[in-house]
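Just below is one structure, and these are the notes that go with it.
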Amino acid sequence: MNKSSGKSLEEVHASVNTAGKSRWRSLFAFFGPAYMISVGYMDPGNWATDIAGGSKFGYSLIWVLVMSNLTALLLQSHCARLGIVTGKDLAQASRESYPRLVNLFLYFLAEIAIAACDLAEVIGMAIGIHLLFPGVSLITGVCITVLDSFVLLFLLNRGIRKLEAFIISLVVLIGVSFLIQLTIAKPDLGEVAKGIIPGIANEEALYIAIGIIGATVMPHNLYLHSSLVQTRKFNRNSFDIKKAIRFNVIDSTIALNLALFVNAAILILAAASFYSHGVNDVTEIQDAHRLLEPMLGNTLAPLLFAVALIAAGQSSTITGTLAGQVVMEGYLNLRLQPWIRRLLTRLIAIVPALLVIIILGEESTGKLLILSQVILSLQLGFAVIPLIHFVSDKNKMREFVIPVWQKILSWIAAIIIISLNIKMVFNELTDWIRSSDNAILISFTVVPLCLLCALMLLYIIIVPFIRKRDSVINAKFHGEYIPIVFSESNKYKKIAIAVDFSTSDNKAISKAIGLGGTDAGYLLVHVLESTNAVVYGEDSFDMEREQDYQFLKQHAEQLSAKGFNCGIALGYGNPKTSIPELVSKNNCDILVMGTHGHKTFKDILLGTTIEGVRHNIKVPLVLV
């Protein structure tokens with residue numbers, strides 16, 4: 001684990017040059033980030049809520065999709081503006097604006113949201129694989145999804161434009177698949193138009209509507225979009241910043257309307273295929289796939305349905321991983337290796353998915369998908385509120401602060417989302433306490449947790465209004481600037497040299513002599529790693545110890561012959577701890593090491609001695 005640099009998604013930061021291009025070429029250069037975001041709006045979690053809504057309530061919830069899409073477009077434009085103007089993503093902006101405790105709480109919620117999102121993608125892809133290849137069970141499909149972790153790593157190494165092209169191709173595949181399915185289904189266009197009129201039939205419709213909102217306006221997308229817009233390189237003047245904001249809004253409008261088409265197509269397909277035929281209890285994606293052929297009398301529709309589901313799961317899982325990286329780096333200023341981050345996120349999602357399938361059966365996956373989307377919706381307020389505060393702050397945004405009408409619409413959207421969530425949580429919690437045999441336990445555990453979340457939400461809503469605008473917490477990525485302190489004496493009295501009797505020894509010894517000359521003392525350090533050395537330590541006497549001791553002695557004799565004062569020291573066991581111990585024990589001022597030459601796979605298998613040593617020594621380390 002390393003500290004993050006100040007750049008969001010550093011490996012692709014400002015990697016796409018947009019300067020010096022014609023108007024149209026410049027516009028196309030900015031296209032891409034919003035399509036990466038749009039796949040999160042059509043992931044398998046959306047499918048579950050859209051299918052449930054369409055089969056139970058027909059076309060009546062289309063207005064929720066339209067409202068959610070408009071809200072998403074407004075909020076995503078804010079994210080683009082924040083990233084372009086400040087050069088920070090939403091998580092980084094939060095870290096510099098809120099106290100550490102609040103940031104940890106927001107980070108924890110963001111990770112829960114990403115895990116919930118990845119849970120939906122794992123289940124969705126597993127279902128898609130099972131539908132396309134019936135011989136593959138859901139449990140096997142869930143395990144297979146681990147492999148897609150490496151697709152992201154491969155594509156990201158090829159550059160952000162290659163990754164965007166891959167995502168866009170999957171979006172096109174999904175869109176074409178549903179266009180064909182709608183043509184086959186032939187929905188009632190008059191009823192579709194009526195569905196735009198707002199209305200909630202009952203509590204169940206409210207639950208699904210909130211699930212749709214959570215599935216459409218996804219919190220992790222807000223973090224990711226504010227980072228992805230920073231992959232475009234442009235001149236940091238007023239004109240080019242305005243142009244970047246304008247082009248990103250165009251990009252978002254096109255991409256999110258494509259996502260709206262896919263979501264509406266799923267709901268309309270469910271309404272035309274199931275609700276219109278009196279089938280109102282289709283909550284499982286598998287049931288929807290199975291019923292499409294008899295309902296529509298066509299074998300192509302279910303095939304396209306399965307293909308689109310796999311494409312949706314694969315594309316959205318890639319963006320979910322990137323969002324996890326952005327959140328961790330932004331809130332904690334901490335960066336994991338991408339493959340570790342990917343596997344960690346995926347395993348967090350796989351465990352509950354496997355447990356649910358094993359304990360409750362494959363027929364319960366639909367309910368789990370809807371629950372994951374409700375969790376996303378509950379977390380949404382904790383991402384939206386800071387975003388609105390940031391883009392409304394003249395100190396942060398300067399002349400690019402959002403206009404008043406956008407502030408009003410943003411707060412209306414936030415209030416609606418939070419109000420619906422509060423109503424749903426209250427209803428669900430009340431029913432849970434009434435029907436549970438452990439009402440007291442719930443009252444003293446779950447209820448206080450909900451109250452804590454409510455208090456934290458009030459804090460991030462109210463405090464920015466009453467706090468002084470010029471107060472910024474931890475504004476600098478690396479803390480305050482620390483001036484250089486020049487030492488009066490920079491000569492080393494005793495230099496330790498780690499040797500392993502490879503070709504790198506010559507380089508390390510030559511470097512050490514260059515640092516100390518004939519005035520310094522030298523200590524040649526070598527660690528025995530044999531089984532005897534690990535078990536018996538200094539009491540181990542075998543051929544390896546004798547040979548290594550003789551080699552050390554020959555090195556020391558050669559140095560002494562050249563006029564250098566040199567000693568030797570043997571260590572035993574793990575070099576990561578033995579080398580620092582020998583350096584400290586012999587009062588060395590500096591350690592010189594040669595690099596071992598391991599690469600990638602060997603580093604994973606053998607580990608890196610250098611990483612362990614540098615964390616355990618208190619003197620400077622020079623690598624050769």
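Ranking LEU355, LEU82, LEU147 by solvent-accessible area of protein heavy atoms (1.4 Å probe, all protein chains present), from largest to smallest, gives LEU147, LEU355, LEU82. The Cα atoms of the range 201-256 define a convex hull whose projected area, averaged across directions, is 5.2 nm². Counting only heavy atoms of the protein chains and using a 1.4 Å probe, TRP411 has close to 60 Å² of accessible surface.
Each of the peptides 452-465, 227-240, 86-99 was scored by the mean count of other Cβ atoms within 10 Å over its residues; in descending order, highest first, they stand as 86-99, 227-240, 452-465.
If the segment from ASP281 to LYS493 were pulled out straight at 0.36 nm per residue, it would be longer than the present Cα-Cα gap by 68.3 nm.
I need the calculated FRET efficiency for the pair VAL136 and ALA561, taking r as the beta carbon distance and R₀ as 56 Å, to the nearest 0.05.
Values: r = 70 Å, r/R0 = 1.25.
That gives a FRET efficiency of 0.20.
Once the chain from LEU455 to LEU623 is taken as fully extended at 0.36 nm per residue, the excess over their C-alpha distance is 55.4 nm.
Residues whose amide H comes within less than 5 Å of that of LEU528, counting only those at least five positions distant or on another chain, are GLY571, TYR572, GLY573 (H built at 1.01 Å from N in the peptide plane). Per-residue 3J(HN,Hα) values for the range 121-128, derived from phi via the Karplus relation 6.51 cos²θ - 1.76 cosθ + 1.60 with θ = phi - 60°, read 6, 4, 5, x, 5, 4, 5, x Hz in sequence order (x marks Gly and Pro).
Measure out, as a whole number of angstrom, how far apart the alpha-carbon centroids of the range 408-472 and the range 34-88 sit. Value for the Cα centre distance between the two parts: 22 Å.
Report ASP50's accessible area, 1.4 Å probe, all protein chains in place, as a number in Å² to the nearest 10. Result for ASP50: roughly 0 Å² accessible.
The values are calculated or read from the model by the stated rules, or taken from the named source; none is laboratory data. The structure presented is a predicted model; accordingly, all values stated were derived computationally and were not measured. Cβ atoms come from the backbone with ideal geometry, glycine included; neighbour counts cover every protein chain shown. Just so you know, the surface numbers come from the protein's heavy atoms only, side chains and all, with ligands and any DNA or RNA stripped out. Shrake-Rupley method; radii C 1.70, N 1.55, O 1.52, S 1.80 Å.
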